[in-house]
Amino acid sequence: MHLYIHVPFCARRCSYCDFAIAVRREVPSRKFVDAVLSEWRGWQREPAWNESPSLATIYFGGGTPSHLDPMELRRLISALRRDRPADPDAEVTIEANPEDVTASSAEAWIEAGVNRVSLGVQSFDDAVLGWMHRTHDAAAIPAAMSVLRSAGFTDISLDLIFALPEALGRDWARDLDLAFALNPEHLSLYGLTVEAGTPLGRWTSRGQSTPPPDERYVTEYLFAYEALQAAGFEHYEVSNAGRPGHRARHNSAYWRRAPFIGLGPSAHSALAGRRSWNVPQWAAYERLIVAGQPFRDGEELDEGQLRLEQLYLGLRTSDGLEASLVPAAALDDWVVNRWARLSGGRCRLTAEGWLRLDGLVRSIA
Ligand code: SF4
């Protein structure tokens, strides 16, 4: 079983973020852990609960999980493991903001059983970080890495955002070099998207910010693809690259369509062929949990949706899709255009293909 826990609390909203978050100066860690454990116990009454005997991965995402009181995090992980044993080598990841990484928090995470950290870096440029409304500056990033290494973490991922507005003058090559210089085991790269309802969405609609041209996204993506290969990373999924042996096992389970349970506001689950999701707002989630009526909406995927999911998830990884699932004419076309390669009976998209992932999937769905 794979377990995702959504920790919704953030110090403030980043300019581009449309996630389900709750801005809090003081994080209600105890209340949060109580609520999540209550939801977890509810899952134990589901018939599908016994499908998988143990926990293979636990992922604390957000929001900002590193804002949680480490002692409460420890209480949570201990309770989860009491109810369902974890594999001896279970991957336990926490997403962290650099400014939350201190010697005491890092040691407490290790003691709680966390063995992987995904650090929200985004850029090494202070002007860019300020524009993003991030709460850290560039100097906090190497400091956090050094503290994490001293505490014993040997599996660290860095998140970076590319395709920023031209006016920011962001030097993408420099940011990648600075990331490589920190020797992370894993990198996740996301293109900036402008979402309605975010500060960036408002700046854009008022003409105060101009999204970069599409070519910038393409150029920076392909540049990163080459740079990652040259630096010894395997680009194993559209947005993710790891050193050999360091693929993110939790996210890889999603792409393999393995069953998972999501706890916390807005968390999604997929178990026994059914998808379900929780109410997004923390306040509503807590109220429902306290009332003993967790709200979980859901759906059974029909054949067409299952095929779409299979195509989309398969083609987004370097493991690719069984070639027989792609119509022969489309496969020929993709190979001729260098959007895909055929090897070992599988169709694997190239970086050029990944840039067209949505369109390619639509063309054969
Ligand atoms: S820290 Fe992450 S989740 Fe929180 S506002 Fe920023 S981008 Fe969104």
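The values are calculated or read from the model by the stated rules, or taken from the named source; none is laboratory data. Everything numeric here is computed off the predicted structure, so don't read it as measured data. All Cβ positions, glycine included, derive from the backbone under ideal geometry; neighbour counts span all protein chains shown.
Say we look at the range 8-62 and pick out the residues that are in a strand (DSSP E or B) and of a type in the set (V, I, T); which of these is farthest from the chain's Cα centre (by Cα)? Before you say what the answer is, go through the steps one by one.
Taking the range 8-62 first, the residues in a strand (DSSP E or B) are 9-10, 22-23, 55-62.
Checking which are of a type in the set (V, I, T) leaves us with 23, 57-58.
On the way: V23: 20, T57: 14, I58: 13 Å.
That would be V23.
For the range 121-131, filtering for residues that are surrounded by fewer than 23 Cβ atoms within 10 Å (Cβ to Cβ) and either in a loop (DSSP other than H, G, I, E, B) or touching a Ser or Thr at 6+ places or on another chain (Cβ under 8 Å) (or both) leaves 3. Can you confirm whether A86 is modelled with pLDDT under 95, more than 20 Å from L182 (Cα to Cα), surrounded by 15 or more Cβ atoms within 10 Å (Cβ to Cβ) and more than 16 Å from the ligand (Cβ to nearest atom)? The answer is yes for A86. Would you confirm, using the coordinates I've provided, whether T154 is more than 16 Å from the ligand (Cβ to nearest atom) and part of a loop (DSSP other than H, G, I, E, B)? The answer is yes for T154. I261 passes every criterion in (1) part of a strand (DSSP E or B); (2) in contact (Cβ under 8 Å) with a residue 24 or more places away in the chain; (3) out of contact with any helix residue (DSSP H, G or I) (no Cβ under 8 Å at 6 or more places or on another chain); (4) not basic (K, R) apart from (3). All conditions in (1) at pLDDT below 95; (2) in a helix (DSSP H, G or I) hold for P294, with the sole exception of (2). The residue pairs whose first member lies in the range 130-147 and is in contact (Cβ under 8 Å) with a residue 24 or more places away in the chain and of a type outside the set (D, E), whose second member is part of a helix (DSSP H, G or I) and within 16 Å of the ligand (Cβ to nearest atom), and whose beta carbons are closer than 6 Å, counting only pairs six or more residues apart or on different chains, are T135/E99; H136/P98; H136/E99; A140/P98; A140/E99; I141/P98; A144/P98. All conditions but one from (1) more than 27 Å from S15 (Cα to Cα); (2) within 16 Å of the ligand (Cβ to nearest atom) apply to S118; the one that does not is (1). Cβ-Cβ distances below 8 Å connect the following pairs, each with a first residue in the range 12-23 that is under 18 Å from Y285 (Cβ atoms), a second residue that is near the ligand (Cβ under 8 Å from one of its atoms) and basic (K, R), and a separation of six or more residues or different chains: I21/R13; V23/R12; V23/R13.
Taken over the range 22-75, the criterion of being surrounded by fewer than 17 Cβ atoms within 10 Å (Cβ to Cβ), among the aliphatic types (A, V, I, L, M) and within 16 Å of the ligand (Cβ to nearest atom) is satisfied by V23 alone.
Which residues, counting only those in the range 44-89, are of a type in the set (G, A, S), at negative phi and touching a Phe, Trp or Tyr at 6+ places or on another chain (Cβ under 9 Å)? Scanning the range 44-89 gives G61, G62, S66, A79.
If only residues of the range 212-258 that are in contact with a Leu (Cβ under 8 Å, 6 or more places away or on another chain) and part of a loop (DSSP other than H, G, I, E, B) are counted, the one that is farthest from A56 (Cα to Cα) is P212. Of everything listed in (1) of a type in the set (A, V, I, L, M); (2) in a strand (DSSP E or B); (3) more than 16 Å from the ligand (Cβ to nearest atom), the single unmet condition for I5 is (3). Report, by residue number, each residue of the range 157-195 that is in contact (Cβ under 8 Å) with a residue 60 or more places away in the chain, part of a loop (DSSP other than H, G, I, E, B) and out of contact with any Leu (no Cβ under 6 Å at 6 or more places or on another chain). Answer for the range 157-195, where residues must be in contact (Cβ under 8 Å) with a residue 60 or more places away in the chain, part of a loop (DSSP other than H, G, I, E, B) and out of contact with any Leu (no Cβ under 6 Å at 6 or more places or on another chain): E185, T193, E195. The one condition from (1) touching a Lys or Arg at 6+ places or on another chain (Cβ under 8 Å); (2) without any contact (Cβ under 8 Å) to a residue 40 or more places away in the chain that Q310 does not meet is (2). The residues listed here are S363, S266, S324, S343; of these, the one that is among the hydroxyl-bearing types (S, T, Y), surrounded by fewer than 17 Cβ atoms within 10 Å (Cβ to Cβ) and within 26 Å of G191 (Cβ to Cβ) is S363. Restricting the first member to the range 243-257 and to residues that are within 14 Å of A270 (Cβ to Cβ), and the second to residues that are assigned to a loop (DSSP other than H, G, I, E, B) and not polar (S, T, N, Q), the beta-carbon pairs closer than 9 Å and six or more apart or on different chains are A253/P259; W255/R316; W255/D319; R256/D319.
I'd like to check something: does the range 99-110 contain any residue that is outside any helix (DSSP H, G or I) and within 16 Å of the ligand (Cβ to nearest atom)? Outline the logic, then answer.
Looking only at the range 99-110, we keep the residues that are outside any helix (DSSP H, G or I), and these are 101-102.
Next, from what is left, pick out any that are within 16 Å of the ligand (Cβ to nearest atom): 101.
For the range 99-110, residues outside any helix (DSSP H, G or I) and within 16 Å of the ligand (Cβ to nearest atom): present.
Contact list please: Cβ distance under 6 Å, first residue in the range 83-102 and farther than 16 Å from R149 by Cα, second residue surrounded by 22 or more Cβ atoms within 10 Å (Cβ to Cβ) and of a type in the set (K, R), pairs at least six apart or on different chains. That search, which allows pairs on different chains as well, returns E91/R116.
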